[in-house]
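All remarks here apply to the structure that follows.
The values are calculated or read from the model by the stated rules, or taken from the named source; none is laboratory data. In this text, all values refer to a predicted model and were calculated from it rather than measured experimentally. Glycine also receives a Cβ, built like all others from the backbone with ideal geometry; neighbour counts cover every protein chain displayed.
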Amino acid sequence: MPAAGLLGLRFVFLPLTIRSMRRSMTDETRAAAAVAADATVASAGIATALLVIATAIGLFLAAIYLPDRISADVIGATPIVLLTLLITAPPTFVARAEQCDGARRVFARPTLAVLVTFISYFVGLGIAAALISVTFVIASDFFT
């Protein structure tokens, strides 16, 4: 599902952002904005993957070395922590990149770009969840 959110960022966020700045951009500037937006989405995906992997390793090591009573709680909380990171980290990384000084030259309206980022990401997640649900219903009807 987070990959679907990233696809939402790439195929919803990027076109909407470029379209919203169409009048104030030359063709060269529009191409530079497309490259910058693609790079932002890609770097958010990479940063999310690294963060989730590092967190999973940290929680695994904590579960090994902490007392059993605490380890059980760490093990129980691990899926929730990782899912929360997977859902919230990509749009947060993209929004943070859009607010930096270098991105302000590319994104004419950074606040609007951040809003579109979160909306497109969660639309992508919603579509993925709906498709997973439909697939599950079809599969359960098929195998019962």
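Residues that are under 14 Å from R10 (Cβ atoms), at pLDDT below 90 and surrounded by 15 or more Cβ atoms within 10 Å (Cβ to Cβ): does region 80-90 have at least one?
yes
Please verify whether T135 is modelled with pLDDT under 80, among the β-branched types (V, I, T), part of a helix (DSSP H, G or I) and surrounded by fewer than 12 Cβ atoms within 10 Å (Cβ to Cβ), treating the condition exactly as stated.
On the way: modelled with pLDDT under 80: no; among the β-branched types (V, I, T): yes; part of a helix (DSSP H, G or I): yes; surrounded by fewer than 12 Cβ atoms within 10 Å (Cβ to Cβ): yes.
No: the conditions fail for T135.
Being in a loop (DSSP other than H, G, I, E, B), over 18 Å from the mean Cα position of the chain (by Cα) and either modelled with pLDDT under 80 or not β-branched (V, I, T) (or both), is that true of even one residue in region 33-45? It would help to see each step written out before you state the result.
If we filter region 33-45 for residues that are in a loop (DSSP other than H, G, I, E, B), which is where we start, we get none.
Taking every residue of region 33-45 in turn, none turns out to be in a loop (DSSP other than H, G, I, E, B), over 18 Å from the mean Cα position of the chain (by Cα) and either modelled with pLDDT under 80 or not β-branched (V, I, T) (or both).
Looking only at residues in region 33-54 that are surrounded by 17 or more Cβ atoms within 10 Å (Cβ to Cβ) and of a type in the set (S, T, Y), which one is nearest to L7 (Cα to Cα)? Break it down into steps so the answer makes sense when it comes.
Step one: list which residues in region 33-54 are surrounded by 17 or more Cβ atoms within 10 Å (Cβ to Cβ), which gives 33, 36-37, 40-41, 44-45, 47-48, 52.
Right, trim to of a type in the set (S, T, Y) and you get 40, 48.
Details: T40: 13, T48: 14 Å.
Here the answer is T40.
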